[in-house]
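This report concerns only the one structure given below.
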Amino acid sequence: MPLITWGPQILVGIEIVDRQHKRLVDLINELHEAMQENRSAEVLGHTFRELVDYTHTHFRTEENLLQKHGYENYAQHRKEHYIFTDQIEIYRDRFEAGALSVTQLLMEYLRGWLVTHITSSDRAYVPTLRAAGIN
Ligand SMILES: [Fe+2]
């Protein structure tokens, strides 16, 4: 069973955002599965790096949209992204240095952050994008 179930409970209703969120969910689930199957550090590291890289890609997309359409909480939203990317980069670096394992606790952190961010902070900008004709 995947760590995060993809479904309406985490959709925001903006096509590009939902598509990118789905990819993030897939990568988190992939990392979780690799952890459960005791895959090698090489395999885990590969997925971990992909997750960090794609997080950057996704946040850039969102921030460009929010800035372009004058979202009033843009600065705060971007700050949440910064805090998260800083944190996962620290984890990734520590993992690569052999100083951190991918654990259930780490996976719960990733799931908790993403689901909470999507369902509260991301959903909050939807009316702004809708008003700008973005679907
Ligand atoms: Fe966001």
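Check the range 1-20 and report whether any residue there is of a type in the set (A, V, I, L, M), farther than 21 Å from E80 by Cβ and either under 12 Å from the mean Cα position of the chain (by Cα) or surrounded by fewer than 14 Cβ atoms within 10 Å (Cβ to Cβ) (or both).
yes
Could you please tell me which pairs satisfy a Cβ distance under 9 Å, a separation of 6+ or placement on different chains, a first residue in the range 56-77 that is on the phi < 0 side of the Ramachandran plot, and a second residue that is near the ligand (Cβ under 10 Å from one of its atoms) and β-branched (V, I, T)?
H58/V17; T61/V17; E62/V17; L65/V17
With (1) over 18 Å from R92 (Cα atoms); (2) surrounded by 18 or more Cβ atoms within 10 Å (Cβ to Cβ); (3) in contact (Cβ under 8 Å) with a residue 60 or more places away in the chain as the list, and L24 as the residue in question, which single condition is left unmet?
(1)
Give just the number: which of (1) without any contact (Cβ under 8 Å) to a residue 60 or more places away in the chain; (2) within 19 Å of P127 (Cβ to Cβ); (3) not aromatic (F, W, Y) does I14 not satisfy?
(1)
Each value in this text was obtained by applying a stated rule to the coordinates, not by laboratory testing. Please read all numbers here as calculations on a predicted model, not as lab measurements. Using ideal geometry, Cβ is built from the backbone for each residue, glycine included, and neighbour counts are taken over all protein chains shown.
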